[in-house]
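The structure appears below as structure tokens.
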Amino acid sequence: MSLGNSRVDAGQAQVEVDRAGAGETLRRVRQRGHLICGVSQGLPGFSSPDERGRWSGIDADFCRALAGAIFGSGENVRFRPLSAKDRFTALQSGEIDILSRNTTWTMSRDTQLGFNFIGVTYYDGQSFMVRKASGIETAAGLAGGTICTETGTTTELNVADYFRDRGLSYRVLTFEKNDEAIVAYDRGRCDAYTTDASGLYAQRLKLAEPDKHMVLSELISKEPLGPAVRQGDPQWEDIARWTLNALINAEELGVTRANVEEMKQSDNPRVRRLLGQEGNYGPSVGLSSDWVVNAVKAVGNYGEMFERNIGSETPLNIERGLNALWTKGGLQYAPPVR
């Protein structure tokens, strides 16, 4: 709750609009006519191309929502597939405008690489995939074994921490690409494959006989996955962060892809502020008043984005769990638009 006068006078509002208009990234993106979004090289449910080259997944959809907020259409985006090793250089160099690639938010990444994470699109944790016939039920059961993973990720460090803390030996085989690591595991070069649990469910679908493999229920780390932007452009950071907040708030308020136009007529003040019917929230960051309407039209709300890509009606069949709204026992909680 805030105290004092909550009104913003016309002069102050104009200052906010002028400040927002000074952002270099938004200017460059608009001049180019599309957003450039860094994604994975193919992780089903998060960012993966089909046979026609159209990208789908939570990470890809977030970029479509951001494009919708900026351009009024979620189609004004180009996807740049990146390896885990190359993703940070691509963001630092300006090759991409935003990194939305199942990337864990850590202190070193947030403070030492010149990035800012704008929120969490998926709360995850690292686990292991093993062959059912191995009889392995816990990570400790992999002591003395060989583990495959992708280089340049937090997974290597988490595995090292886990086994060192327990005084257990292991051997790791690292690969530049996830697909190389999963092929090595499938061919029997290692006893387990490790990455974020969500990634394990996705990669399991690529195995020759998926039903002969299982993901351990044990998690050995916290992996808050989310998009990142370069530091130094607070307006662009605000736009990306509040696009994610808007999708979460839209789910909480019952605003969907199908009813967003109808909901513009709502009497609920929270809905009216979210959808640009009251206040100056879009223009304050350099966007139109209907920026949230356009973002939701592009991909739906957060819950729709989740269910369409990785939910119970998809091959991944992942439960909401920690990614449910805070009102339903999960961690997804967005600050209000007001």
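The values are calculated or read from the model by the stated rules, or taken from the named source; none is laboratory data. All figures in this text were calculated on a predicted structure; none of them were measured in a lab. Positions of Cβ are backbone-derived with ideal geometry, glycine not excepted, and every protein chain shown enters the neighbour counts. For the accessible areas, the whole protein counts, side chains as well, though only heavy atoms, and no ligand, DNA or RNA atoms are used. Shrake-Rupley method; radii C 1.70, N 1.55, O 1.52, S 1.80 Å.
Details
- Restricting attention to the range 324-338, the residues being touching a Leu at 6+ places or on another chain (Cβ under 7 Å) and either open to solvent by less than 80 Å² (accessible area, probe 1.4 Å) or on the phi > 0 side of the Ramachandran plot (or both) number 3.
- Ser56 being open to solvent by 10 Å² or more (accessible area, probe 1.4 Å), within 30 Å of Thr153 (Cα to Cα) and modelled with pLDDT of 95 or more: yes
- Within the range 172-197, the set of residues being outside any helix (DSSP H, G or I), touching a residue at least 60 places away in the same chain (Cβ under 8 Å), open to solvent by 10 Å² or more (accessible area, probe 1.4 Å) and more than 12 Å from Ile220 (Cβ to Cβ) comprises Glu176, Lys177, Asp191.
- Breaking point among (1) out of contact with any Leu (no Cβ under 7 Å at 6 or more places or on another chain); (2) open to solvent by less than 60 Å² (accessible area, probe 1.4 Å); (3) free of Cβ contacts under 8 Å to residues at least 60 places away in the same chain, for Val77: (1)
- Evaluated against (1) at pLDDT below 95; (2) assigned to a helix (DSSP H, G or I), Pro315 falls short on exactly one condition, (2).
- Wholly enclosed strands (runs of 3 or more DSSP E) of the range 198-311 bearing at least 1 residues surrounded by fewer than 22 Cβ atoms within 10 Å (Cβ to Cβ) and among the charged types (D, E, K, R): 228-230
- Residue within the range 87-96 that is of a type outside the set (Val, Ile, Thr) and on the phi > 0 side of the Ramachandran plot present: yes
- Sole residue being under 30 Å from Ala181 (Cβ atoms) and modelled with pLDDT under 95, chosen from Pro81, Pro44: Pro44
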